[in-house]
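FYI, it's all coordinate maths here, none of it is from the lab. No experiment lies behind these values; they were computed from the predicted model shown. In this analysis, Cβ positions are derived from the backbone assuming ideal geometry, glycine residues included, and neighbour counts consider all displayed protein chains.
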């Protein structure tokens, strides 16, 4: 299985929008990441997202750019900001038949999922940036079973998106 983890795009300040939807800059960053994914041939079988507005919007922009049906985005509480990686991975195990999964979430949870799957424990320092993307390969989603394929920040993705 190829597993892609993405932090949501830059949100509006909480004082301006309590739901913290994506800012105009955040929308641009997410579109750039989505174009980079398209250029790399990354077309997920499944897109999963946190229920928070900024993650849902990020997933929708990526889905739209990649031609993925917006109605098929699966929303799970287990991808919220402080969800334990074991709970997030338990959700992923329910989708083992998918070959390519994109998870759109938050810090620290996306970094903790990477740490859990690659190192076998949470806490490995993985520096995500908003609209950044990480790729893993794993056969069984057990702790320590994944291989880190690459980890790209928005400035890298911008070069790929051109």
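Exposure proxy shown here: for 35, 54, the number of other Cβ atoms within 10 Å sets the order, fewest to most, as 35, 54. Only helical runs count toward this figure. For the chain, summing -39,500 (n - 2.57) over DSSP H runs of n ≥ 4 and dividing by all residues gives -11000 deg cm²/dmol at 222 nm. For the stretch 61-141, averaging the sequence separation of C-alpha pairs within contact (under 8 Å, six or more residues apart) and dividing by the residue count gives a relative contact order of 25 percent. Ratio of Rg to Rh for the stretch 118-162: 1.05 [Cα atoms; Kirkwood radius as inverse mean 1/r over pairs]. Each residue, residue 69 and residue 158, gets one label point 7 Å from its Cα in the Cβ direction; the gap between the two is 3.6 nm.
Computed from Cα atoms, the angle from the helix 53-66 axis to the main principal axis of the chain rounds to 90 degrees. Rounded, prolate or oblate: which one fits the stretch 61-147, using the alpha carbon gyration tensor with axes a ≥ b ≥ c (rounded when a/c is under 1.5, else prolate when a/b beats b/c, else oblate)? Since a/c reaches 1.5 and a/b is larger than b/c, the shape of the stretch 61-147 is classed as prolate. Rounded to whole Å, give me the distance from the Cα center of the stretch 28-89 to that of the stretch 103-129. The stretch 28-89 and the stretch 103-129 have Cα centres separated by 16 Å.
Shape summary of the chain, radius of gyration then Dmax from alpha carbon positions: 14.3, 43 Å.
What do you get for the angle between helix 109-119 and the principal long axis of the chain? Use alpha-carbon atoms, 0 to 90 degrees, nearest ten. Helix 109-119 sits at roughly 30 degrees to that axis.
Taking the C-alpha atoms only, the angle from helix 24-39 to the longest principal axis of the chain is near 50 degrees. Legend: calculated FRET efficiency, residue 97 to residue 119, from the Cβ-Cβ distance at R0 = 22 Å, rounded to 0.05, equals 0.25.
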